[in-house]
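Structure first, commentary second.
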Amino acid sequence: MTRAWKLPGLLVLCGSVAATGLAVSGSPATAVVLLLVFLAIAGVHSPLIFPRPIGALEAHRRSAADGRPVVLWRPGCTYCIRLRIRLGRSARHLHWVDIWRDPAGAAAARAANDGNETVPTVIVAGRPHTNPDPAWVREQLSPPA
């Protein structure tokens, strides 16, 4: 779990140090703006913006029951962040598996991507799709007409 927080923690630390230096040198307004920028970047790269992850086995069981896609992701992944942000509120309807927390999820990502842990990998009806377009993923949430 601490692995997911290393980058956000480092960003907060660096932002704090830089902001402190600016505040001491007489630029408190610039220091506050810089700190807020670093905090925003750290927040985006933290596990906080993603729905609570579940295990791969549980995600596949739930997906079989409700037909919703499974997303294999990891904290700090730019493409995962893009997918999450572009999905908006509909992201909570997916089953999210953090491959850094779940060895079965990491194994599923490797099985779908020729041995690489490439994410995001979205599994729809048992078929993996690596780094799909967020609009396509949103369509998979809609019931067939």
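The values are calculated or read from the model by the stated rules, or taken from the named source; none is laboratory data. Since the structure is predicted, the reported quantities are computational estimates derived from the model, not experimental observations. We place every Cβ from the backbone using ideal geometry, glycine too, and count neighbours over all the protein chains shown.
Once region 122-145 is narrowed to residues that are surrounded by fewer than 11 Cβ atoms within 10 Å (Cβ to Cβ) and under 22 Å from ALA104 (Cβ atoms), the residue that is modelled with the highest pLDDT is ARG127.
For the condition part of a helix (DSSP H, G or I), of a type in the set (D, E, K, R), under 14 Å from ILE49 (Cα atoms) and in contact (Cβ under 8 Å) with a residue 40 or more places away in the chain, ARG86 qualifies.
Residues considered: VAL119, VAL97. Of these, the only one that is part of a strand (DSSP E or B) and crowded, with 20+ Cβ neighbours inside 10 Å is VAL97. Filtering region 1-34 to residues that are part of a loop (DSSP other than H, G, I, E, B) and over 19 Å from TRP100 (Cβ atoms) leaves SER25, GLY26, SER27.
Just one of (1) in a loop (DSSP other than H, G, I, E, B); (2) under 27 Å from PRO8 (Cα atoms) fails for ASP114. It is (2).
Residue-level analysis places VAL37 among those that are modelled with pLDDT of 90 or more, in the same structural domain as CYS14 (by TED's automatic domain parsing) and in a helix (DSSP H, G or I).
The residues listed here are ARG86, ARG92; of these, the one that is of a type outside the set (S, T, N, Q), closer than 16 Å to PRO47 by Cβ, within 16 Å of the chain's Cα centre (by Cα) and surrounded by fewer than 16 Cβ atoms within 10 Å (Cβ to Cβ) is ARG92.
Residues in region 116-144 that are aliphatic (A, V, I, L, M) and either in contact with a Leu (Cβ under 9 Å, 6 or more places away or on another chain) or within 14 Å of ASP66 (Cβ to Cβ) (or both): VAL119, VAL122, ILE123, VAL124, ALA125, VAL137, LEU141.
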